[in-house]
Amino acid sequence: MFQKKDVNILDINPDKIDTIIGKNTTIEGNIKSQGTMRIDGNVTGKIEVQGSMIIGDNSKIEADIKADNISISGEITGNLTVKNQVQITSNGKVYGDIEVQNLIIDEGAIFEGKCKMNKKVNNSADNQLKKKDNK
């Protein structure tokens with residue numbers, strides 16, 4: 001009935017990572033960044049990334065996160081608001097709600113929370129419907 005697909009949605013070149021938080025680093029506070037961010041350490045606070053995020057195997061994050069895409073192999077406690085795609089790998093753990101367009105949860109992953117799936121909106125079609133309703 002279900003088939004396992006080897007899918008890596010986030011095609012991120014490791015040479016193009018803009019921000020790295022190393023495994024021996026702990027940050028308490030808010031982070032705002034552009035580009036691709038990788039977290040291997042511990043973060044407590046709020047994270048906003050205009051770009052993609054990679055959450056490494058040993059990372060522990062207690063934060064609400066906003067990003068374009070996110071791949072999770074570590075542990076996150078907090079709510080995720082993601083524009084495009086979330087992938088929780090077999091080592092990943094998410095304790096919180098997710099709002100996203102596409103969600104992939106690998107076998108063995110943990111997700112405890114609610115998920116709201118958003119549709120991709122075609123602005124021109126949406127504008128035509130609004131014009132039609134106003135007539």
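Can I27 be described as under 16 Å from I105 (Cα atoms) and surrounded by 15 or more Cβ atoms within 10 Å (Cβ to Cβ)? No; evaluated as a whole, the condition is false for this residue. Could you please find all residues in the stretch 95-130 being loosely packed, with under 13 Cβ neighbours inside 10 Å, modelled with pLDDT of 95 or more and in a loop (DSSP other than H, G, I, E, B)? Hits for the stretch 95-130 are E107, G108, K114.
Filtering N84, N91, N69 for residues that are surrounded by 15 or more Cβ atoms within 10 Å (Cβ to Cβ) and part of a loop (DSSP other than H, G, I, E, B) leaves a single hit, N91. Taking the criterion of being over 15 Å from the mean Cα position of the chain (by Cα) and not polar (S, T, N, Q), the only residue of the stretch 44-56 that qualifies is G45.
The values are calculated or read from the model by the stated rules, or taken from the named source; none is laboratory data. Everything quoted here is computed from the prediction, not taken from an experiment. Neighbour counts run over all protein chains shown; Cβ positions are idealised from the backbone, glycine included.
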